[in-house]
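Presented below is the structure to which this report refers.
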Amino acid sequence: TADSTQTLGIKWAAPSGGSGNYANLGDLVTPPTASGCTWSSAPAVCTVSGTVAAVTFSSLPTGYTNLIITFQGNSTYGGTGDQLVMQFNGDSGSHYWSSATVPSNCDSSSASSNNGQAFGYVLQIYGEGSGHFADGTIVIPNYSVTTVDGKTYHSYGNTWTQTHICGQTGAGWWNDGLTSSYPAITSITFQAGTGSNISVGTTFTIEATN
């Protein structure tokens, strides 16, 4: 939506590329560039319309402090042990530390820890081959700040295994190997941990706050 054109009275100004206290980033005049999903009209949701190996959001605005990402969907994996994982700024080095807790009746292990990996663990998502589904929220504080020691995140959500709902939590840290001046996160890539594709109908929403 563009600025309104009237010269008298109250004039509407379209949201900019990053300011204010809150924004659904997909609703900005210039939303993040999406690869693997398509932005809908306001309120903006990015939906996967065909199975894809990855979903990437780039050109994230730096005028905000915190990111809140909502995910709902699954992968094409035929088993019960897939995960949603992510990478920042295209970094595929061993710079991610993450852990997760899943109830033992939902997985063989109630907790997992992944240190020095090429991706950050986010959520257990199982796979559509077993009729499973998942949703969750990922919070990345200070994503645009360059003076913090790496970037941390936490996640919470659930996955449906046909017989029960499994609540889960996760946390992680990205340290790209720099000793100072850690970069702002300007792109995020989501993938399935097993290397399977992300399923049709999976959705992502990205919000930002100050």
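The values are calculated or read from the model by the stated rules, or taken from the named source; none is laboratory data. The model shown is predicted, which means the values in this text are computed figures rather than measured ones. Every residue, glycine as well, gets a Cβ built from its backbone with ideal geometry; the counts of neighbours run over all protein chains shown. Side chains included, ligands, DNA and RNA excluded: accessible areas come from the protein's heavy atoms. Shrake-Rupley method; radii C 1.70, N 1.55, O 1.52, S 1.80 Å.
Things worth noting here:
- 3J(HN,Hα) couplings calculated from phi for the stretch 61-76 with the Karplus curve 6.51 cos²θ - 1.76 cosθ + 1.60 (θ = phi - 60°) are, in sequence order, x, 9, x, 10, 10, 10, 10, 10, 10, 10, 10, 8, x, 6, 10, 8 Hz; Gly and Pro show x.
- Residues whose placed amide H lies under 5 Å from that of Ala54, excluding near-sequence neighbours: Ile198
- The string of couplings for the stretch 83-97 from the Karplus curve (6.51, -1.76, 1.60, θ = phi - 60°) is 9, 8, 10, 9, 10, 10, 6, x, 7, 10, x, 7, 10, 10, 10 Hz, one whole number per residue in order, with x for Gly and Pro.
- For Leu123, the shell of other residues with beta-carbons less than 11 Å away shows a net charge of -2, using +1 for Lys and Arg and -1 for Asp and Glu.
- Accessible area (Å², 1.4 Å probe, nearest 10) - Asp91: 30
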